[in-house]
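Below is one structure, written out as structure tokens; the observations come after it.
The values are calculated or read from the model by the stated rules, or taken from the named source; none is laboratory data. Everything numeric in this text was worked out from a predicted model, so none of it was measured. We place every Cβ from the backbone using ideal geometry, glycine too, and count neighbours over all the protein chains shown.
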Amino acid sequence: MDLGIVKSGVAKKGNWDISKLAPGDYVLRIHATDFAGNVAKSNRDLGFRVE
């Protein structure tokens, strides 16, 4: 799984093949840190459903 990444000011495209996920509810959590080392602690979850 390669969702893409932004590092040192460079964004690289990625993709995610969800075809092998079982039907159900999932949460995608983003892990993000800025240049100063501040880590995101809220608003980083994205809920989605595979049918």
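Filter region 1-41 down to the residues that are part of a loop (DSSP other than H, G, I, E, B) and among the charged types (D, E, K, R), then identify the one that is farthest from GLU51 (Cα to Cα).
We begin by selecting, within region 1-41, every residue part of a loop (DSSP other than H, G, I, E, B); these are 1, 3-4, 8-9, 13-14, 16-23, 30-32, 34-38, 40-41.
Next, only the ones that are among the charged types (D, E, K, R) stay: 13, 17, 20, 34, 41.
Details: LYS13: 26, ASP17: 14, LYS20: 12, ASP34: 35, LYS41: 29 Å.
Looking at residues that are part of a loop (DSSP other than H, G, I, E, B) and among the charged types (D, E, K, R), I get ASP34.
Given the conditions (1) under 13 Å from the mean Cα position of the chain (by Cα); (2) surrounded by 10 or more Cβ atoms within 10 Å (Cβ to Cβ), report the number of the one that VAL27 does not fulfil.
All conditions are met except number (2).
Let's see how each residue does on (1) touching a His at 6+ places or on another chain (Cβ under 9 Å); (2) surrounded by 10 or more Cβ atoms within 10 Å (Cβ to Cβ); (3) aromatic (Phe, Trp, Tyr); (4) at pLDDT 90 or above:
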{"residue": "ILE5", "(1), (2), (3), (4)": "no, yes, no, no"}
{"residue": "GLY9", "(1), (2), (3), (4)": "no, no, no, no"}
{"residue": "ASN15", "(1), (2), (3), (4)": "no, no, no, no"}
{"residue": "ALA22", "(1), (2), (3), (4)": "no, no, no, yes"}
{"residue": "HIS31", "(1), (2), (3), (4)": "no, no, no, no"}
{"residue": "ALA36", "(1), (2), (3), (4)": "no, no, no, yes"}
{"residue": "ALA40", "(1), (2), (3), (4)": "yes, yes, no, yes"}
{"residue": "LEU46", "(1), (2), (3), (4)": "no, yes, no, yes"}
{"residue": "ARG49", "(1), (2), (3), (4)": "no, no, no, yes"}
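Scan region 10-31 and report the pairs whose first residue is closer than 17 Å to ASP45 by Cα and among the aromatic types (Phe, Trp, Tyr) and whose second residue is surrounded by 10 or more Cβ atoms within 10 Å (Cβ to Cβ) and modelled with pLDDT under 95, with Cβ atoms within less than 6 Å and a gap of 6+ or a chain change.
Close Cβ pairs satisfying both conditions: TRP16/LEU3; TYR26/PHE48.
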